[in-house]
Structures are given as structure tokens and as C-alpha cells.
Amino acid sequence: MESSTAMTEGSVRLLSVAIVANEAPSVSSSMSRSAGSACEAHRAPFVLRLALLGLACGVSLSSACRRPNDASSLRAEMAEHVELTLTDKTHHQPLQNELARIRAERGLPWQILERQPPAGGPDDLTAAALGAFNSVAEIDRLHRSLDEMWPYDALDFPPVSLEHARRLIARYRPASDLFLMRLRQPTGEFRVGLDQGIVEDTSWVSAALLIARIEVLEAIRAVQEGVPDKSIEPLSDLARLVLRMERCPSLVAHLAAVDIRRWIVCGMRAAAMSDQANRNTHQLLFELSSADRRERQDGRLAWIGDRAAGMHAYEMVRAGEFLSLLSDEEYQALSDRRETMDHALVVRRNVDQDQTYFLKTMRELIERTPQPYYERRVWLDETFEALDRDRAAPRFPSVAADLLLIGITTAQQRLARGTARSDAWHLALAAAIEQPLTEPPTVNVETGEAFEVLIDGVLIDGVRIEVRGLHEDDYDLLPILVRHEL
């Protein structure tokens with residue numbers, strides 16, 4: 001596996017895909033549709049923002065820029081911050097209280113690392129995903145090539161494009177199958193590099209997305225060949241991959257899982273609406289959807305991991321490395337005003353109050369995460385509006401406001417939209433097989449709009465079923481199918 005520059009490029013590119021304020025039509029390009037409020041239209045999640053700015057060699061990350069070829073030394077330096085040695089020395093009582101709560105929950109960065117599988121061991125899915133390919137640069141090239149033929153709307157591949165895409169990735173199929181075999185083992189988990197903080201190598205997520213695309217092609221091929229029931233196996237593997245990624249303390253992984261969930265819904269739609277689909281097809285798809293709902297996480301792990309990355313960043317601030325967190329543009333703006341050291345000193349002087357604000361906000365966010373997004377939205381808007389109003393305050397938490405809490409609303413909304421898509425199709429498939437639901441998803445968790453199941457009457461080959469209530473941007477995913485009589 002190649003490292004250094006190639007690894008950095010793959011990691012940065014993946015983050016620019018997986019965590020966007022707007023939905024992504026393909027793995028390397030972004031859409032113009034906004035997923036957040038007007039006041040947060042400029043925001044992107046913390047990890048993405050740093051990644052887009054070129055983290056380990058393109059920004060003013062001082063140690064990286066001064067020694068761009070010394071990747072192992074940079075990793076060692078970053079790992080020193082995971083113990084939060086400087087943070088633990090604080091005498092600020094409110095901060096001590098927050099840290100004590102997190103320690104009791106085993107949510108400190110080093111505590112989360114202790115629970116992860118040994119690096120490179122049989123249960124390390126991160127190493128397994130990367131091992132399916134020769135290098136991160138190769139993963140990046142394959143994504144770009146697939147992007148050229150990848151349809152956005154409902155994955156309606158022209159047959160020629162589908163076959164071309166399958167030929168492109170044919171030689172990677174055996175390695176992908178080996179990864180899937182390990183994924184099917186109950187003990188495998190993805191290992192997240194929380195000891196690296198903001199320069200964590202997330203190229204494993206790019207590898208996982210590429211494996212997912214290989215499975216998507218198999219599912220769509222089965223449908224196009226007139227055997228939609230054969231799409232169930234690759235769709236089941238995609239569901240396993242999503243659930244395992246959602247067990248990661250990583251916002252990057254959770255947002256990438258939204259893309260894979262979209263592909264799953266597209267595959268289910270293609271199979272369910274196929275001319276060859278029958279009652280058994282719908283039954284198999286419903287069972288797949290039901291299993292996913294039983295295993296689905298509530299999303300708190302994403303924010304627990306994001307909080308841990310934030311604590312790592314504050315440790316860097318305490319170590320005098322605040323300027324390393326700035327983009328080239330931000331650093332240059334301060335430099336032009338001859339304010340670099342002054343600003344760094346102010347931030348460091350206020351670090352206890354700043355970090356306390358961040359941890360309190362993240363605590364409440366994590367506590368509210370099991371609630372539907374539309375119920376959380378008022379709190380999110382009020383929180384960020386109050387933060388904006390206090391910008392001139394002498395103790396303003398600038399690290400939290402300008403670095404760590406950016407993009408929270410848009411990221412939460414995007415996660416909710418992924419859930420809503422799956423919920424709508426679960427309702428449609430239940431109606432297709434006339435399966436009563438004890439706890440049906442009655443409301444779109446993103447918008448608060450009630451789902452409406454319409455059964456429109458008898459057609460030549462069955463009864464038309466439609467579920468309304470998805471966001472208007474999901475026009476290509478609307479659940480419309482035909483119930484086939486026994």
C-alpha cells in the first residue's frame with residue numbers, strides 16, 4: 001500500500017465527498033442543493049473543512065508543511081496528544097466536570113482507541129478494506145473512472161455503461177469478496193485513528209465506498225438480466241457494510257454510509273419495480289429492510305467520535321499549535337494584519353472556556369441525537385444564532401465556533417435524510433406484501449412531514465402502491481411499486 005502523498009490525496013478527496021453540506025451526486029463531485037439553514041450555508045463539518053484545505057501538506061499545518069515527507073514522524077507527534085496530558089492539568093472547574101463525565105462514559109480519545117481491534121489483526125476491517133487495493137492512489141483513480149459512468153438519478157445505468165463499469169473493476173472482485181467474507185464475521189470492526197486527530201487517514205472510507213460500488217454494480221446487473229431476486233445478496237452485503245460503518249466513532253464514516261444507503265435504496269427500487277419482480281422479490285426486500293431497522297444505530301457514535309477529535313484539537317492548541325489548525329487563507333489573512341501571534345495567544349489564553357463551551361454543546365447534541373432531526377432543528381438553530389450574536393464577546397469560543405462546530409446542522413440533516421429514505425421504502429415494501437407493522441415509521445425524521453401510503457387501485461398486473469413524504473430532492477427515490485397478488 002502506498003503512503004505519504006498518495007494517501008493524503010485519497011484521504012482529502014474522500015472527505016470532500018463524504019462530508020458535504022450538500023448531497024453528492026457521485027463520489028467525486030458535489031451538488032448545489034443545500035441541506036442546511038441559510039445561516040449555516042457556509043458551514044461544512046470540522047473534519048471536511050480541514051480535509052478540503054489540504055490537511056497534511058497543503059495547509060499551514062506547521063509540522064506537516066515543514067517536513068512533508070516525514071509522515072511517520074508527523075503521526076508520532078499527533079499520537080502524543082491523544083492522552084490529553086495538558087488538558088488534564090486544567091484547574092477550570094466547569095471543564096473538569098465535563099471531562100469527568102466523558103471519562104465515566106469512556107468517551108475520551110484514548111478510551112475509544114482501547115476498545116478498537118488491534119491494528120492489522122483479523123478483526124481490523126480498516127486494514128482489510130485498504131488491502132483490497134494496491135494503493136490509495138489506485139482507489140482514487142478507480143473512483144474517478146467510475147464517476148464518468150455513474151448515473152445519479154436512481155442508478156439507472158444504460159446497459160453499455162454498466163458493462164463498461166463492471167469490466168473496469170473486474171480484477172478487483174476477488175479481493176473485494178475476501179473483504180466481504182471478513183465483513184460477515186461478527187467480530188470485525190473498522191479501526192478509527194483517533195490518535196491522529198484532524199490528520200487521521202480516512203482513506204479506508206474511500207476503499208469501503210469503492211467496494212460498495214462494486215456490489216452496487218452486481219445488484220443492478222442482476223436486475224437488468226431479469227433476475228431481481230439475485231440482487232438481494234449484494235444488497236445484503238451493502239447493508240452489512242453500512243451497519244458496520246455506523247458502529248464507528250467517526251462522522252466521516254457515518255456520512256459516507258448515507259451515500260451507501262442511497263445506493264441500497266436505489267437497488268431496492270430497481271429490484272422491486274422490475275418487470276420480473278414478484279411477491280417473493282418484495283418479501284425478500286422487506287426482510288432485508290426489517291433486518292436493517294433492527295440493527296440500525298441511533299447516530300450518537302458519530303458525534304462521540306467528532307467530540308474526541310475536537311478534544312485532540314484542543315490539546316494541540318494547549319501545546320501551542322493553534323496556527324497549525326488554520327487554512328492557508330486564514331493564516332495569510334492573520335499574517336497580512338500582523339496578528340498571527342496575537343490571535344494564537346488570545347485563543348490559548350481562552351482555551352479552558354472555549355473547550356468547556358464545545359464539550360457542553362456536544363454533550364447536549366449527543367443527548368438529543370436519538371430524537372428525530374426535525375425536533376432537534378430548533379435547538380440547533382438557536383444554538384448557532386446565539387453563538388453568532390456573541391462573536392464580539394471577550395471570551396468568545398473561537399475554536400469551537402470557527403473550527404469544531406461548523407456544519408453540525410447540515411451534517412445532522414443529511415444523516416436524517418438517509419434514514420427517511422430507508423423508512424419510506426420500508427413502508428412501501430410492507431404494503432406490497434400486506435405486512436402489518438407494529439411500529440411503523442409514520443413521520444419523515446428530516447422534515448416532520450407524515451408519510452402517506454397510497455394504494456391507488458387495481459392495475460393489469462396488481463395494485464399500485466406509492467409512499468409520499470420524502471424530501472423533494474429525492475424525486476428519483478419515490479417508492480412506487482406494484483403489489484403482486486399471490
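So the values come out like this:
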{"item": "All strands (runs of 3 or more DSSP E) inside region 377-486 with 2 or more residues being at positive phi", "result": "none"}
{"item": "Among (1) closer than 19 Å to Ser274 by Cβ; (2) in contact (Cβ under 8 Å) with a residue 60 or more places away in the chain; (3) not basic (Lys, Arg), the one test that Gly418 misses", "result": "(1)"}
{"item": "Close pairs (6 angstrom Cβ cut-off, 6 or more residues apart or separate chains): free of Cβ contacts under 8 Å to residues at least 24 places away in the same chain in region 433-454, among the basic types (Lys, Arg) and buried (at least 17 other Cβ atoms within 10 Å of the Cβ) anywhere", "result": "none"}
{"item": "Which listed residue, of Ala416, Ala450, is at pLDDT 95 or above and surrounded by fewer than 18 Cβ atoms within 10 Å (Cβ to Cβ)", "result": "Ala450"}
{"item": "So Ser274, is it of a type in the set (Ser, Thr, Tyr), surrounded by fewer than 24 Cβ atoms within 10 Å (Cβ to Cβ) and under 22 Å from Arg464 (Cα atoms)", "result": "yes"}
{"item": "Candidate set: region 92-104, residues that are touching a residue at least 12 places away in the same chain (Cβ under 8 Å) and of a type outside the set (A, V, I, L, M); chosen: the one surrounded by the most Cβ atoms within 10 Å (Cβ to Cβ)", "result": "Glu98"}
{"item": "Verdict on Gln412 being out of contact with any strand residue (DSSP E or B) (no Cβ under 8 Å at 6 or more places or on another chain) and in contact (Cβ under 8 Å) with a residue 12 or more places away in the chain", "result": "yes"}
{"item": "Region 364-391, subset of a type in the set (Ser, Thr, Tyr) and within 19 Å of Leu301 (Cβ to Cβ), residue surrounded by the fewest Cβ atoms within 10 Å (Cβ to Cβ)", "result": "Thr369"}
{"item": "Conditions (1) out of contact with any strand residue (DSSP E or B) (no Cβ under 9 Å at 6 or more places or on another chain); (2) of a type outside the set (D, E, K, R); (3) touching a residue at least 24 places away in the same chain (Cβ under 8 Å); (4) farther than 25 Å from Thr356 by Cβ; number of the one not met by Leu84", "result": "(4)"}
{"item": "Residue check for Val482: of a type outside the set (D, E, K, R) and modelled with pLDDT under 95", "result": "yes"}
{"item": "Failed item, numbered, when Leu238 is tested on (1) touching a residue at least 40 places away in the same chain (Cβ under 8 Å); (2) surrounded by 23 or more Cβ atoms within 10 Å (Cβ to Cβ)", "result": "(1)"}
{"item": "Qualifying positions in region 355-368 - touching a Phe, Trp or Tyr at 6+ places or on another chain (Cβ under 8 Å) and either in contact (Cβ under 8 Å) with a residue 60 or more places away in the chain or more than 15 Å from Phe384 (Cα to Cα) (or both)", "result": "Gln355, Leu365, Ile366, Arg368"}
{"item": "Residue match in region 104-111 (condition: in contact with a Leu (Cβ under 9 Å, 6 or more places away or on another chain), part of a helix (DSSP H, G or I) and within 25 Å of Ala253 (Cα to Cα))", "result": "yes"}
{"item": "Which numbered condition Asp381 misses (of (1) acidic (Asp, Glu); (2) within 20 Å of the chain's Cα centre (by Cα); (3) over 27 Å from Asp88 (Cα atoms))", "result": "(2)"}
{"item": "Selection within region 283-301 - in contact with a His (Cβ under 7 Å, 6 or more places away or on another chain) and at pLDDT 95 or above", "result": "Ser289"}
{"item": "Tally, over region 200-212, of residues that are modelled with pLDDT under 95 and crowded, with 24+ Cβ neighbours inside 10 Å", "result": "3"}
{"item": "Residue in region 147-198 that is surrounded by the fewest Cβ atoms within 10 Å (Cβ to Cβ), counting only those that are among the hydroxyl-bearing types (Ser, Thr, Tyr) and within 21 Å of Ala132 (Cβ to Cβ)", "result": "Thr187"}
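The values are calculated or read from the model by the stated rules, or taken from the named source; none is laboratory data. Not measured: the values here are computed from a predicted model. Neighbour counts are summed over all protein chains in view; Cβ atoms, including those assigned to glycine, are modelled from backbone coordinates with ideal geometry.
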